[in-house]
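The structure appears right after this line, and notes come after that.
The values are calculated or read from the model by the stated rules, or taken from the named source; none is laboratory data. Keep in mind it's a predicted model, so treat the numbers as computed, not measured. Positions of Cβ are backbone-derived with ideal geometry, glycine not excepted, and every protein chain shown enters the neighbour counts. The protein model used for the area step is the full one, side chains on, heavy atoms only, and it has no ligands, DNA or RNA in it. Shrake-Rupley method; radii C 1.70, N 1.55, O 1.52, S 1.80 Å.
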Amino acid sequence: MVKFPNSFLWGGAIAANQAEGAYLTAGKGLSTSDVLPHGIFGSLIERTPNESFIKDIAIDFYHQYKTDIALFAEMGFTCLRTSIAWSRIFPLGDELTANEEGLAFYDSLFDEMAKYNIQPVITLSHYEMPYHLVTQYGGWGNRKTIEFFERYARTVFERYKDKVKLWLTFNEINMSLHAPMTGVGLPENSSPSAVYQAIHHQLVASARVTKACHDIIPDAKIGNMLLGGLVYPLTCKPDDVWETLTENRKWLFFGDVQCRGQYPGYMLRYFKDQQINITITEEDKRDLQHTVDFISFSYYMTGCVTADKDEYEKKRGNILSMVPNPHLESSEWGWQIDPKGIRTLLNLLWDRYQKPLFIVENGLGAIDEITPEGEIIDDYRIQYINDHLVQIHEAIQDGVDIMGYTSWGPIDIVSASKAEMSKRYGFIYVDRDNQGNGSLERKRKKSFYWYQSIIKSQGELL
Ligand code: BG6
């Protein structure tokens with residue numbers, strides 16, 4: 001295998017609410033993630049002081065980050081993607097002054113990364129916002145949230161301008177269509193108009209902070225973050241092909257606005273046909289013109305689409321209700337494994353936008369067993385990542401500009417969909433189970449040494 005370019009960044013990606021724990025430490029406020037303790041598709045709960053949940057401690061990254069970063073450095077990471085918990089910086093979200101203890105935590109975290117030359121890639125909002133903004137203002141449904149978010153973003157840009165040069169706005173911004181409380185702080189039964197209005201506010205906020213980032217840190221780059229939900233037609237029937245284009249546009253719409261600076265015509269027609277009414281002001285239109293520098297995305301699987309509704313009801317599976325592809329195997333969680341799909345997706349995004357791409361999530365959630373000798377032989381994970389990296393390399397040969405690759409959960413963390421510990425993605429095992437039992441001890445898996453060798457050889461050993 002020919003080497004990856006020298007500029008290619010290698011690393012892993014985690015998120016504050018799935019790794020840090022310390023959910024009320026050092027002035028942190030409650031976030032939407034804290035009131036969704038059973039995952040992004042779970043129900044919202046009122047928190048009481050006596051109850052505790054898995055994410056409250058997560059893997060205790062808040063206290064153990066030095067150990068973890070040393071392990072990432074041992075693997076040879078040149079970057080680490082994580083998020084800032086907005087509710088550590090502005091516990092309620094609408095304060096005028098930031099929480100110094102929260103800011104100091106991320107200072108120490110970024111300083112620790114710098115010791116090992118690990119470049120931070122920082123998501124401003126990864127599946128959480130201060131819960132107070134939901135109860136008092138109605139989340140992103142309220143235009144005022146744009147202002148609160150901009151204040152938060154400007155605060156962290158100013159504070160970390162010398163330490164962080166790669167930023168992402170909203171994690172998987174298109175997930176708001178499927179998990180509105182997590183994405184935009186709206187109840188699950190919100191009307192399509194309410195959801196798209198909230199999404200519009202978030203898109204405006206994303207554009208406004210893109211401009212702020214350019215103003216405050218001229219040598220930084222800021223990208224969006226999409227769930228790369230690529231789907232194929234189940235058959236070559238023209239109706240299936242059209243339905244598939246429509247389905248792909250549901251997520252590409254976000255990229256279109258963030259990369260091209262305006263709403264695409266197909267979306268305006270969709271709004272009209274579906275009687276979705278949203279307010280877009282002239283000022284919003286001007287703001288949206290601040291487009292991102294690069295596109296980052298997650299990729300785990302693909303699925304199929306059919307226009308035949310009976311067939312659809314019979315076969316629907318996967319988290320996003322896609323029809324399973326008869327040609328692909330599935331993970332233990334029913335996610336269909338499609339390495340070639342990442343090459344297709346990279347080419348598609350490059351052809352559409354001609355902006356650099358960054359794969360910021362990819363990996364296999366699986367149950368790991370510890371052998372009597374105390375080892376974790378995760379060949380399935382090695383195979384999955386190897387096959388995807390081979391296809392990424394193909395895409396580079398196709399002429400696609402790719403900035404780097406961060407595998408999801410390089411250390412086991414709490415899963416997002418159902419808040420499980422047993423769905424492990426890591427190269428590093430964490431001793432904790434779904435009930436919260438375990439010592440939190442870290443242990444290198446077989447894949448740890450494999451990923452280390454891939455990074456060291458700059459992909460040559462794939
Ligand atoms: C992405 C999210 O959807 O997928 C992550 O950005 C998430 O937060 C990851 O953890 C994998 O999903 P899960 O449910 O297996 O953790």
| Straight-line reach from residue 446: which lysines have Cα under 19 Å away, leaving out those fewer than 8 places along the same chain? | 423, 456
| Using a basic spin-label model with each label point 7 Å from the Cα along Cα→Cβ, how many nm lie between residue 108 and residue 418? | 3.5
| task | Enumerate the calculated ³J(HN,Hα) couplings along segment 166-176 in order (Karplus 6.51 cos²θ - 1.76 cosθ + 1.60, θ = phi - 60°), each rounded to whole Hz, writing x wherever the residue is Gly or Pro. | result | 10, 10, 10, 7, 10, 4, 6, 4, 6, 5, 4
| field | Cα coordinate range in segment 223-352, projected on the principal axes (Å, largest first) | value | 47, 32, 25
| query | Among the DSSP beta bridges whose two residues both lie in the chain, what percent are antiparallel, rounded to the nearest 5? | reply | 20
| said: Starting from the 7 Å offset along Cα-to-Cβ, what nm value, one decimal, do you get for the label separation of residue 95 and residue 1? | reply: 4.6
| query | For residue 400, what charge total do you get from the other residues with a beta carbon under 11 Å from its beta carbon, if Lys and Arg give +1 and Asp and Glu give -1? | reply | -2
| field | Over the chain: helical MRE at 222 nm, DSSP H runs n ≥ 4 each giving -39500 (n - 2.57), nearest 500 | value | -12500 deg cm²/dmol
| task | Just tell me the longest site-free run in the chain, where the sites are chymotrypsin sites (Phe, Trp or Tyr not before Pro) in a DSSP loop having at most 16 other beta-carbon atoms within 10 Å. | result | 117-462
| field | Cα-based equivalent ellipsoid, segment 384-431: semi-axes from gyration tensor eigenvalues, Å | value | 28, 10, 9
| remark: Taking GluC sites (Glu not before Pro) in a DSSP loop with at most 15 other Cβ atoms within 10 angstrom as exposed, one finds the longest site-free stretch of the chain at 189-328
| note | For the chain the mean separation of alpha carbon contacts under 8 Å (6+ apart) over residue count, i.e. relative contact order in percent, is 18
| message | Could you give the length gained by full extension between residue 250 and residue 347, i.e. 0.36 nm per residue of separation minus their alpha carbon distance, to one decimal place? | response | 33.1 nm
| request: With a bin width of 10 angstrom, please list the P(r) values of the chain as percents of all Cα-Cα pairs, from the 0 bin to the one holding the largest distance. | output: 4, 21, 33, 28, 12, 1, 0
| Under a point spin-label approximation (7 Å from Cα along Cα-to-Cβ), what is the residue 50-residue 70 distance to one decimal in nm? | 4.1
| Length added when fully stretched, residue 236-residue 440, from 0.36 nm per residue minus Cα-Cα | 68.4 nm
| Cα gyration tensor category, rounded, prolate or oblate, for segment 41-102 with a/c compared to 1.5 | oblate
| the chain - percent of accessible surface contributed by carbon and sulfur, probe 1.4 Å | 50
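Let me make sure I get this right: for segment 193-296, a, b and c are the square roots of the gyration tensor eigenvalues over alpha carbons, sorted descending. Under 1.5 in a/c it's rounded, otherwise prolate if a/b > b/c, else oblate. Which is it?
It is oblate, given that a/c is not under 1.5 and a/b is not larger than b/c.
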| task | Convert each backbone phi in segment 50-59 into a coupling constant with the Karplus relation 6.51 cos²θ - 1.76 cosθ + 1.60 (shift: θ = phi - 60°), then list the ³J(HN,Hα) values in order as whole Hz, x for Gly and Pro. | result | 7, 9, 9, 10, 4, 6, 4, 10, 6, 10
| Positive-end residue, segment 1-131 charge dipole about Cα centroid, Cβ charges, pick of 67, 124, 78 | 78
| said: What number results when the radius of gyration of segment 233-285, computed over Cα atoms, is divided by 2.2 N^0.38 Å? | reply: 1.35
| Coarse-grained scattering of segment 138-234 at q = 0.18, 0.20, 0.22 Å⁻¹, given as base-10 log I(q)/I(0) from a Debye sum over alpha-carbon atoms | -0.83, -0.96, -1.07
| request: Starting from the amide H of residue 60, placed 1.01 Å from N in the peptide plane, find each other amide H under 5 Å away whose residue is 5 or more places distant or on another chain. | output: 21
